[in-house]
Amino acid sequence: MPDAARATNQATPPRDPRARRPRGFTLIETLIAGMMLAIFGTAIVMAVAQGARQVQHDRDLVRATQALDEVLHRVSIVGPSNLAIGGPTQGVLGDDLEWSLQIEQQPLSDLYDVTATITWQRRARERSASVATVFHDPLTTAIKPTWAELDPQ
């Protein structure tokens, strides 16, 4: 029997001391995971910031579109012929929106090319939105309200 015990001992290879590694993460694995977390966190913060900038840009465009609609509505009431002669062709809406008009009569007709532009400042840069249209104004001698009469008191 002693020979059998010795044979069993010889058949088992000696244990590798590294085979019984303690459970857990090494310092390198922890550093890599931390760096990946920082990169993903930065990407998320940048995406949220870009989304906030886009929302502000969209709000500005909605305000500019509403202002353009207001200006063109007034042009249709006052008449492009009256504005081309006596103005006004520029002004301010609200606190920060400036508007301007370019009005040109087409040759030998009652049609007027009108371009309305709204400008505003955002982050020290000038932004603008424009629209061009054609108005028919055959009643150039008719009595129409002035631009100032359209302003609420």
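The values are calculated or read from the model by the stated rules, or taken from the named source; none is laboratory data. It should be emphasised that the depicted structure is a prediction, and the values quoted were computed from it without experimental measurement. Neighbour counts run over all protein chains shown; Cβ positions are idealised from the backbone, glycine included. Please note that ligands, DNA and RNA were not included when accessible areas were found on the heavy atoms of the full protein model with its side chains. Shrake-Rupley method; radii C 1.70, N 1.55, O 1.52, S 1.80 Å.
Quick notes
- Between Ile32 and Ser76, the distance separating the two model label sites (each 7 Å from Cα on the Cα→Cβ line) works out to 6.6 nm.
- Summed side-chain charge close to Ile85 - residues other than Ile85 whose Cβ falls under 15 Å, Lys, Arg +1, Asp, Glu -1: -2
- Estimated FRET transfer efficiency when R0 is 35 angstrom, pair Thr146-Ala124 (beta carbons, to 0.05): 0.45
- Only protein atoms count toward the accessible area here, which uses a 1.4 Å probe; on the stretch 43-153, the carbon and sulfur part of that area reaches 55 percent.
- Qualifying trypsin sites (Lys or Arg not before Pro) in the stretch 87-145, where qualification requires a DSSP coil assignment and no more than 12 other C-beta atoms within 10 Å, comprise Arg123.
- Euclidean distance of C-alpha centroids, the stretch 65-106 and the stretch 32-61, integer Å: 39
- Tyr112 sits among other residues whose Cβ lies under 10 Å from its own Cβ, and their net charge, with Lys and Arg +1 and Asp and Glu -1, is -4.
- Local electrostatic count, Asp151, Cβ distance below 12 Å [Lys/Arg +1, Asp/Glu -1]: -1
- For GluC sites (Glu not before Pro), no site in the stretch 76-153 is both called loop by DSSP and has at most 13 other Cβ atoms within 10 Å.
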